[in-house]
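Structure record follows, encoded as structure tokens.
The values are calculated or read from the model by the stated rules, or taken from the named source; none is laboratory data. Keep in mind that this is a model prediction, so the values were computed, not measured. For neighbour counting, all protein chains shown are included, and Cβ atoms are generated from backbone atoms with ideal geometry for every residue, glycine included.
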Amino acid sequence: MSLIKRLNSQSGDFDACLRTLLAFDASQDESIEQATAAILKDVAQRGDDAVLEYTARFDRVSADSVAALEIPRHEWQAALAALPAAQRSALESAAQRVRSYHERQRAETWTYTDEDGTLLGQKITPLDRVGLYVPGGKAAYPSSVLMNAIPAKVAGVQEVIMVTPTPDGVHNPIVLAAAALGGVDRVWGIGGAQAVAALAYGTSTIKPVDKIVGPGNAYVAAAKRRVFGVVGIDMIAGPSEILIIADGTTPPDWVAMDLFSQAEHDELAQAILLCPDAAYLDQVEAAMERLLPTMPRAKIIRTSLGDRGALIHTQSMEEACEIANHIAPEHLEISTENPMQWVDLIRHAGAIFLGRYSSESLGDYCAGPNHVLPTSRTARFSSPLGVYDFQKRSSLIQVSQHGAQLLGPIASTLAHGEGLYAHAASAEYRLTTSDSEH
């Protein structure tokens with residue numbers, strides 16, 4: 001049985017096959033939804049007591065108070081100091097690159113004055129408080145700490161509160177070290193839907209936040225979806241995706257491993273290669289067959305590639321770009337001799353990696369741009385996480401006396417047309433020749 005599907009864009013059933021390949025059942029498990037709803041309601045009503053109960057039940061951590069579950073800053077600093085030199089250097093380099101990139105995203109307040117003397121503009125302000133969810137237990141994602149915390153701090157967020165589950169009371173040292181480097185302000189050893197609820201609604205110990213960001217399991221995702229509107233959220237992320245457009249000049253082993261790099265995330269991850277050279281697709285498939293047995297997560301990769309992966313033979317590079325726009329992938333590699341020749345044809349992708357040396361894994365950890373990206377074709381209308389997600393925009397309007405004479409009749413006419421007479425009168429009251437008349 002073939003490791004991965006082969007599709008041809010010229011086949012009569014190609015559109016149907018592609019539609020099936022991209023289909024992802026995003027329907028929610030009803031039992032997870034019900035359990036999450038119950039936890040959220042309980043935390044909203046009982047606050048700290050509910051958080052303590054769920055932490056004892058799910059993470060096997062008992063505490064007399066939620067305050068006792070806060071992980072003190074000196075422990076983060078100790079974790080950072082205890083890291084092996086190579087690991088600390090890598091984490092510091094990644095943090096510096098992420099910070100440098102995101103500093104260029106920061107928006108500033110702007111104004112202008114039009115011809116009638118009216119000042120118009122936009123005031124940029126950061127969110128006050130942000131909650132960052134970080135998975136715990138066996139999973140350790142220090143890169144996610146950096147990718148979420150650093151843009152928030154660059155934006156000017158006053159307080160970044162991190163929550164992370166600590167099963168059996170075990171604190172993950174590299175996650176705490178990343179919190180120290182990322183500018184996190186406080187860390188609580190709680191997780192799951194109860195942590196999301198505490199951040200969204202607040203308890204007597206934990207103040208509510210304005211936005212919750214960061215990845216989590218199905219319960220965390222369900223909780224974030226349910227509290228949206230009470231607080232902002234970053235996104236509800238689907239399985240990881242990579243799409244590679246190749247012209248046949250990149251070593252096949254490199255492309256094979258790039259496809260593996262996303263397929264190893266989980267069985268639902270998606271890895272697709274588009275290329276107009278059928279012989280090159282053969283070479284990549286052979287490389288995949290040869291390299292797969294060397295992969296520690298070979299079973300996951302095999303399932304992911306078999307269920308949701310594809311090698312697609314296209315008519316041309318132009319057609320490959322057209323198909324890529326339809327797929328709108330999370331990660332897009334343009335693995336070609338001259339990638340800039342093709343990048344202008346790409347309209348929809350979370351992150352675009354240009355050239356054979358730009359492996360997606362570098363973007364995950366240390367290139368600089370954010371690795372929190374839109375999935376499941378949402379790159380058609382959304383963007384990577386960035387500083388702009390932690391800043392708000394308020395409109396500024398200062399109408400001059402002269403401007404009121406010009407704008408008033410326009411507003412009055414439109415308001416009358418909508419039957420909103422107080423609106424019209426409000427504008428008409430300003431129709432004067434001098435301040436002394438009123």
Inset, instruction - Please name all residue pairs, on different chains or six or more residues apart, with Cβ atoms under 6 Å, provided the first residue is in segment 407-427 and is over 19 Å from Thr118 (Cβ atoms) and the second residue is surrounded by 18 or more Cβ atoms within 10 Å (Cβ to Cβ) and at pLDDT 95 or above. - result: His416/Ala424; Ala424/Ser412; Ala424/Ala415
Inset, instruction - Would you mind telling me which numbered condition in (1) in the same structural domain as Tyr201 (by TED's automatic domain parsing); (2) closer than 30 Å to Gly403 by Cβ Gly121 fails? - result: (1)
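Conditions (1) among the basic types (Lys, Arg); (2) closer than 16 Å to His326 by Cα; (3) touching an Asp or Glu at 6+ places or on another chain (Cβ under 6 Å), marked per residue:
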| site | (1), (2), (3) |
| --- | --- |
| Arg6 | yes, no, no |
| Ser11 | no, no, no |
| Leu18 | no, yes, no |
| Leu21 | no, yes, no |
| Asp25 | no, no, no |
| Asp29 | no, no, no |
| Gln34 | no, no, no |
| Ala38 | no, no, no |
Inset, instruction - Check Arg356 against each of (1) outside the structural domain of Ala263 (by TED's automatic domain parsing); (2) in contact with a Phe, Trp or Tyr (Cβ under 8 Å, 6 or more places away or on another chain) and name the one condition it does not meet. - result: (1)
Legend entry - Residue within segment 92-111 that is closer than 30 Å to Gly403 by Cα, in the same structural domain as Ala178 (by TED's automatic domain parsing), at pLDDT 95 or above and surrounded by 12 or more Cβ atoms within 10 Å (Cβ to Cβ) present: yes
Inset, instruction - Check segment 389-399 and report whether any residue there is among the aliphatic types (A, V, I, L, M) and under 14 Å from Asp116 (Cβ atoms). - result: yes
